[in-house]
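Just below is one structure, and these are the notes that go with it.
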Amino acid sequence: MRIPLSSPDIGQAEIDAVVAVLRSGRLSLGEKLEEFESECASYTGAPYAVAASSGTAALHLAIRALGIAEGDEVILPSFAFVAVANAVRYERALPVFADVDPCTLNLNPDRIEEAITPRTRAVVVVHTFGVPAQMNEIMRIARRHGLLVVEDACEALGAELGGQRVGTFGDVGVFGFYPNKQITTGEGGVAVTQNLQIAARIRSLRNQGRAASGERSEYAELGYNYRLSELHCAIGVEQLKRIRQILEAREAAALGYQQALAHISLVQLPLMELPEGRISWFVYVLRMAEGISAVQRDRVVAKLAQQGIEAGRYFAPIHLQPAYRDLLPLRAPLPNTESVAGRTLALPFFNRISKSQRDEVCQALEETLREVV
């Protein structure tokens, strides 16, 4: 694609850092891992951070470390990347899907409360597209019912609510660093928490269940190889040094799209501001207007691709995926999830997208809409 949906922002500093690690001879569980974890903790405001091989791995470690297990129910959105439900199923717990707010596209606190049963053990909150969820209300509900809270903030590094960064409200917060994220380590993730015991267990589980003593021949429980290499951590350290400029550049790109597309009546533009909150721009996702079908949306995607412009469809509802649709009946309908999912359209969005690229995307979109709709 001439204009890709996403593009990692790797500079000479990251290249030099990787080369330095290669020359050091220490490629795993070294100083760069410790530095990256320390910087992640400092940036998010959590006292403990444990890096993992991916955001999904970090989420799985969080679920397991919290003791969520077979027979437990976990409330989560269906309008999300499938990993959020997969991590629950890895521990043989049951995902229970609740509907999202039609404006923020995050879990609706009222729908969470309606979904609680005696078997409910936890809520996984996704900060969708970098928009902070209603964490104060969600935490009140969780405390009232004695529920654990995991924040899937893989799309939301740097997002804030009331001056507090997301990922630090619940029992564990998880961030992802895939190449389409605000910062990247290539592959990688991190779990953050306020709880020393939870952090220690995640750290052990990440490395085959090795005992806290660090003794190589002593393994306390069944664990995994979810380690993040020194190479990935070196990239992450350099990326975090630029996080403020990165978030500002992405916010400016989103505003540029917003201004250029404001006159098009066939699309609904994304939320730009939140009271007492800050959005961290992961993607720029608009919605086709009410009445425009998923088929028409898909034709728009295809015609943009013919012009060398990559567009995406975030997210196909998890409960309608082949791996999930026959798993369990829905407890409640998900009208917002199903309505929004059929109309979303993600436009090319990355740190260094230029004004000329955005202008080309907007012009092509407007012309394509006139042709298709």
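The values are calculated or read from the model by the stated rules, or taken from the named source; none is laboratory data. These numbers come from a predicted model, not from an experiment. Cβ coordinates were reconstructed from backbone atoms using ideal geometry, including for glycine residues, and neighbour counts include every protein chain displayed. Ligands, DNA and RNA are excluded from the accessible area calculation, which covers all protein heavy atoms including side chains. Shrake-Rupley method; radii C 1.70, N 1.55, O 1.52, S 1.80 Å.
A few points about this structure:
- Sole exception among (1) buried (at least 20 other Cβ atoms within 10 Å of the Cβ); (2) closer than 17 Å to A341 by Cβ; (3) of a type in the set (A, V, I, L, M) for V301, by number: (1)
- Residue in region 320-333 that is in contact (Cβ under 8 Å) with a residue 60 or more places away in the chain and either among the acidic types (D, E) or crowded, with 20+ Cβ neighbours inside 10 Å (or both) present: no
- Filter result for F129 (open to solvent by 10 Å² or more (accessible area, probe 1.4 Å) and outside any helix (DSSP H, G or I)): no
- Near pairs, Cβ below 6 angstrom, 6+ apart or cross-chain, from region 245-262 (open to solvent by 30 Å² or more (accessible area, probe 1.4 Å)) to any residue that is assigned to a helix (DSSP H, G or I): A260/C362
- Options S38, S28, S54, S42: the member that is open to solvent by 10 Å² or more (accessible area, probe 1.4 Å), closer than 26 Å to T193 by Cβ and touching a Gly at 6+ places or on another chain (Cβ under 7 Å): S54
- Qualifying residue in region 325-339 (condition: of a type in the set (S, T, N, Q) and part of a strand (DSSP E or B)): no
- If you go through region 247-295 and keep only what is polar (S, T, N, Q) and over 14 Å from G130 (Cβ atoms), you end up with Q258, Q259, S265, Q268, S293.
- Flag for G170 being among the small types (G, A, S) and either on the phi > 0 side of the Ramachandran plot or under 12 Å from the mean Cα position of the chain (by Cα) (or both): no
- Where a residue in region 183-198 is of a type in the set (D, E) and its partner, wherever it lies, is not in a loop (DSSP other than H, G, I, E, B), with Cβ under 7 Å and at least six apart: E187/H232
- Residue within region 99-119 that is farther than 25 Å from L345 by Cα and within 18 Å of the chain's Cα centre (by Cα) present: no
- When the residues of region 93-115 are filtered to those that are in contact with a strand residue (DSSP E or B) (Cβ under 7 Å, 6 or more places away or on another chain) and in a loop (DSSP other than H, G, I, E, B), the one that is nearest to R165 (Cα to Cα) is N106.
- In this entry, E230 is excluded by the filter for residues that are buried (at least 19 other Cβ atoms within 10 Å of the Cβ), touching a residue at least 12 places away in the same chain (Cβ under 8 Å) and either within 13 Å of T184 (Cβ to Cβ) or aliphatic (A, V, I, L, M) (or both).
- Among residues that are within 30 Å of V301 (Cβ to Cβ), touching a residue at least 12 places away in the same chain (Cβ under 8 Å), part of a helix (DSSP H, G or I) and not charged (D, E, K, R), L59 is included.
- Filtered residues of region 265-298 (kept if closer than 18 Å to Q357 by Cα and either open to solvent by 30 Å² or more (accessible area, probe 1.4 Å) or assigned to a loop (DSSP other than H, G, I, E, B) (or both)): W281, F282, V283
- Of all residues in region 69-92 being of a type in the set (A, V, I, L, M, F, W, C) and part of a loop (DSSP other than H, G, I, E, B), the one that is most open to solvent (accessible area, probe 1.4 Å): F81
- Qualifying residue in region 344-360 (condition: open to solvent by less than 50 Å² (accessible area, probe 1.4 Å), under 22 Å from G130 (Cβ atoms), part of a loop (DSSP other than H, G, I, E, B) and of a type in the set (S, T, Y)): yes
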